[in-house]
Amino acid sequence: MDKISVRQICFLFLAMMPLTKLILYPATVSYWSANDLLLSAALNFVAEGAILALLLLLTKKTEKTFFDLLRSAFGKIGAKIVYGIFALYFAFSALLPVLEHKGFVLQILYENVPSILSFVPLFGVTFFACIKGFKTIGRTADLAMPIFLLSFLGLLFLSVMQADYSALLPIAAAPPKRLLQGSLFGLPWYGDSLCVLFFLGHFRNEKHTAKKILFSFGGGAVATLLFLATFYGIYADIAVKQQNALAHISKYTTAYTSLGRIDLFFVFALTLVSIFYLCVPLQLSVHCVRKIFDDCNPVFPSAALNLAFLVLVIVFNYSYLKIQTLYTQRLWWIYLIFCYALPALSLFLLLFRRKDKTLLRFEQTEETENKNAAERAPSLLQKKMNVSPKRAQKSPSVPKNNERGAS
Amino acid sequence: MNKFWTRVFLLATAFLLLLFFSNDFGLIDIQKTSIVTAIGIDTSEQEGKIDVTAQIAIPSAGGNSSAGNVTIPAVSTIGEAIAEFNRKTGWYPTLVHCRLVILSETCADNDVFGFLDYFLRSEFVEDSCLVAACRGRADELLAAQTPVGELTSSAITKVLSSEAQKTGLVCVTNLRDFAKGYFSVSESGYLPVLSIKQEAESSGPDSSSSPVFACDKSGPIEKNETTVRRAAPAAETGFSAQPARTRNNFDRLRAPSFFFSPGIQYLPFRRWRPNRNPLPVSTASQSQNGPSEQASSDKKADIFDAAQTLLFYRGRRVEILTEEETLAFNLADTATDFAYGDVSVVENGAKVTYNLKIKISKKSQKLTFPNGKPVFTFTIRAHANVNDADQAFDVQKIARTSIVPPQVLRAAEAKLQTQLSNILQKIQQTNCDLFEMKIKLKRFYPKRYQSLQNSIFSDVQIKYDIKFDTMH
């Protein structure tokens, strides 16, 4: 089974979650909420933190996977249907960040805007990540943490001195409607806590797990808010114009006159981490598809999904603005349902504990049958090969669990 | 072994793909690339059109880089000029290294963001690039010859460097700051005014002639077709000294630069500046220009001055700050923390001018409403010591050079206060929110903003809390 550790989930929230919000989100939220962008963002983080807390409560109550919980509640077919819907959602939610990163990479990392071919290798990375499952998410989170810490602090160090934080005043001056629009239309950049629902049963619930994950989420949220505050402090009324904020926030340091844009090292490093985080929704989508098809070989769904994304990126090569408008201003309710409503409703799956127990009994029966079979196996071997029972027990053909059962 | 070679093959393929996707194939041949280091914008003779001059550094594989100016006359937009530039010259202009945008004074009569918005839109022009206004025409300024033979744009960016800002010599503005002011509630901004202050005529190595100073120069240039010329040698560009035309418009805006205060009699607080008489530098050593320029025996070296500051309201120029006012503004508001200034006092019936080295230890401006009325307070704390004086003092006095006589300190305080008063008068007359009073009002007193936003400059009471002390 795909395993991910609590530490890796913590790093995912602390080091990778903020990055997707540092490219176009700052300008977008500035457009709606102006100097109150922090309030809009904080509203999203609080709502998401609450959902994360509920999901962590769920992990305390059960160690089953989300699929098993659904199966116990709605049966196998029902669970597969729900997973199918989530597979579609994850694929849907991955499109906007992929297009966003495409624009960022082509505009910032190259001197002239190159052809889309330069972005194509990304799908090799995502394909590989999709095949490998949750393990790669955890490992990239481990790798991302030191890179993020060094680069993010480096960027902030270079930019904080240039920011005039009084630009964030007056607080709550924007009309409530604009604040709410800032929050709702920013939803496509949120919904990270939904991952935990699918990590359910894939990580061991240790002591203080909930505290650790919530603390890491809070750390990621604070890092994002600090970035947003610095961004608005630097650009103020022209913040709406500053797309690709990650690459522009630190370019006013006077040291560049002699050193050049050393901040680009940090920008490149953070882009790399961000690209890895881009794989997560695609990996979750493949995970859901595999569950539907009874843990099929991941190569086929991964190939299909990445090929579809390659086609979509080519088709929407010049349509980012339309896609963003569609996602943010028309389809924000989809994020509201999948990232907030459904995870909250998943708590009700605990009500089906009776069924859960039935399932448990069913599994126990299966285990007992296996045990009996294992007990029978040595005697059969003994008969067939005419060897002592001790030697038969050491035979490699006997499974380990049966060995334990026999003893 | 087969497995090993398969891995080698895969790694080699990955490496080659990396090269492929690095977009090296997408780059334009360096021989066809022109690196634009500065853009100058002038109003065209055709109404509603502009002339755009690009100063370009042309990289060469042989290492003999050259530089030149290309002017595209009578275009509607900057974007059109860039496209025209490519079409007519065959060079592909790269704006990534454009660090300077110069607007001529006639451009500043209209909303300058009609031109500058191109640079805001472009992802390839950094909005950290410097923006300046200039006397006369921008294309002439970019064609000036620098004393040490570097690119004109490079010499100008040194004049407008952050180091110059820190010493109060000039009010440096970049595109971001200028745009922030324009799009804020204050709708105001400022730009340093570049001018070719003097022209030092120097000769080649054999010549023994000393520098001859001329006044500002400018002159008509034919703009019937794309003009391509070398930047460095002014003599070759067909310039003639025409001082009157370019200076008049700015002089019209210029305020009196000295004052008298009751009590202490003192003379203008003159800015310290580098030696105005440049050394007769030989321009034959200019490595960036072609050999044809180097062969010329008589060269003219230009010195750039940006001591004055042009004020803008709603994108149009409205006033100009004199050198003293610029220094006072820098001391009170900007990143200047170290400056030199002259203060004259009357001692024993004789006028004595002290040159002070001033270190600003604290500066702030605060808008408050103590009695329901707006009060704007300047707080400045500075330490000074005597750098020089125009009289011969005894050795003991020279030894105690760090001790500034109290009357000199008071004179410096009064001088700074008077200059700030002059600036505030200009602000009242023009609505240029140089000290961001409207922004402060909106940020810190949003409830009063609606009622005071149009009358803040007339209603506000100014308080000065300026203290100079001896630097110990």
Report summary line: Within the range B:335-355, residues without any contact (Cβ under 8 Å) to a residue 60 or more places away in the chain and either closer than 16 Å to B:N387 by Cβ or hydroxyl-bearing (S, T, Y) (or both) come out as B:V352, B:Y354
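Please determine, by comparing only the residues of the range A:111-139 that are among the charged types (D, E, K, R) and either away from chain B (no Cβ under 12 Å) or under 18 Å from the mean Cα position of the chain (by Cα) (or both), which one is nearest to A:F300 (Cα to Cα). Let's see the steps before the verdict.
Step one: list which residues in the range A:111-139 are among the charged types (D, E, K, R), which gives A:111, A:132, A:135, A:139.
Then drop every residue that is not either away from chain B (no Cβ under 12 Å) or under 18 Å from the mean Cα position of the chain (by Cα) (or both), which leaves A:132, A:135, A:139.
On the way: A:K132: 13, A:K135: 19, A:R139: 23 Å.
Per the stated criteria, the residue is A:K132.
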Query raised in the report: Does B:G62 satisfy the condition of being assigned to a strand (DSSP E or B) and either surrounded by fewer than 13 Cβ atoms within 10 Å (Cβ to Cβ) or modelled with pLDDT of 85 or more (or both)?
Result: no
Requested in this report: Collect the residues in the range B:96-126 that are of a type in the set (A, V, I, L, M) and surrounded by 21 or more Cβ atoms within 10 Å (Cβ to Cβ), keeping them in residue-number order.
Outcome: B:L100, B:V101, B:I102, B:L103, B:A108, B:V112, B:L116, B:V125
Query raised in the report: Regarding B:N387, is this residue more than 14 Å from every other protein chain (Cβ to nearest Cβ), assigned to a helix (DSSP H, G or I) and within 28 Å of the chain's Cα centre (by Cα)?
Result: no
Report summary line: A careful count of residues in the range B:109-146 that are at pLDDT 85 or above and β-branched (V, I, T) gives 2
Query - Matching option when the condition is under 28 Å from B:F183 (Cβ atoms) and without any contact (Cβ under 8 Å) to a residue 60 or more places away in the chain, among A:I234, A:I238, A:I249 - result: A:I238
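Within the range A:211-227, identify whether any single residue is within 14 Å of another protein chain (Cβ to nearest Cβ), touching a helix residue (DSSP H, G or I) at 6+ places or on another chain (Cβ under 9 Å), modelled with pLDDT of 90 or more and surrounded by fewer than 20 Cβ atoms within 10 Å (Cβ to Cβ), and answer yes or no. Let's see the steps before the verdict.
Our first condition is that a residue be within 14 Å of another protein chain (Cβ to nearest Cβ); within the range A:211-227, this holds for none.
No, the range A:211-227 contains no residue that is within 14 Å of another protein chain (Cβ to nearest Cβ), touching a helix residue (DSSP H, G or I) at 6+ places or on another chain (Cβ under 9 Å), modelled with pLDDT of 90 or more and surrounded by fewer than 20 Cβ atoms within 10 Å (Cβ to Cβ).
Results for (1) within 14 Å of another protein chain (Cβ to nearest Cβ); (2) touching a Ser or Thr at 6+ places or on another chain (Cβ under 8 Å); (3) buried (at least 18 other Cβ atoms within 10 Å of the Cβ), shown as yes or no for each residue.
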position: A:L56; (1), (2), (3): no, yes, yes
position: A:R71; (1), (2), (3): no, no, yes
position: A:I77; (1), (2), (3): no, no, no
position: A:L109; (1), (2), (3): yes, yes, no
position: A:A141; (1), (2), (3): no, no, yes
position: A:L149; (1), (2), (3): no, no, no
position: A:S159; (1), (2), (3): yes, yes, yes
Requested in this report: Say whether the condition of being assigned by TED's automatic domain parsing to the domain that holds A:I337 and either touching an Asp or Glu at 6+ places or on another chain (Cβ under 8 Å) or farther than 26 Å from A:C195 by Cα (or both) is met by at least one residue in the range A:90-99.
Outcome: no
Query raised in the report: For the range B:97-134, which residues satisfy the criterion of being in a loop (DSSP other than H, G, I, E, B) and within 14 Å of chain A (Cβ to nearest Cβ)?
Result: B:H97, B:C98, B:R99, B:S122, B:E123, B:F124, B:V125, B:E126, B:D127, B:S128, B:C129
Query - Checking A:V105 against (1) within 28 Å of A:Y235 (Cα to Cα); (2) away from chain B (no Cβ under 14 Å); (3) buried (at least 17 other Cβ atoms within 10 Å of the Cβ), the condition it does not meet - result: (2)
Requested in this report: Please find, within the range A:299-318, the residue that is nearest to the chain's Cα centre (by Cα) out of those that are more than 18 Å from A:C288 (Cβ to Cβ) and without any contact (Cβ under 8 Å) to a residue 24 or more places away in the chain.
Outcome: A:V311
Query raised in the report: Scanning for something buried (at least 19 other Cβ atoms within 10 Å of the Cβ) and closer than 22 Å to B:N385 by Cβ, does the range B:311-325 turn up at least one residue?
Result: yes
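The values are calculated or read from the model by the stated rules, or taken from the named source; none is laboratory data. Bear in mind that the values here come from a model prediction, so they are computed numbers and not experimental data. Cβ sites come from the backbone with ideal geometry, for glycine too, and all protein chains shown count toward neighbours.
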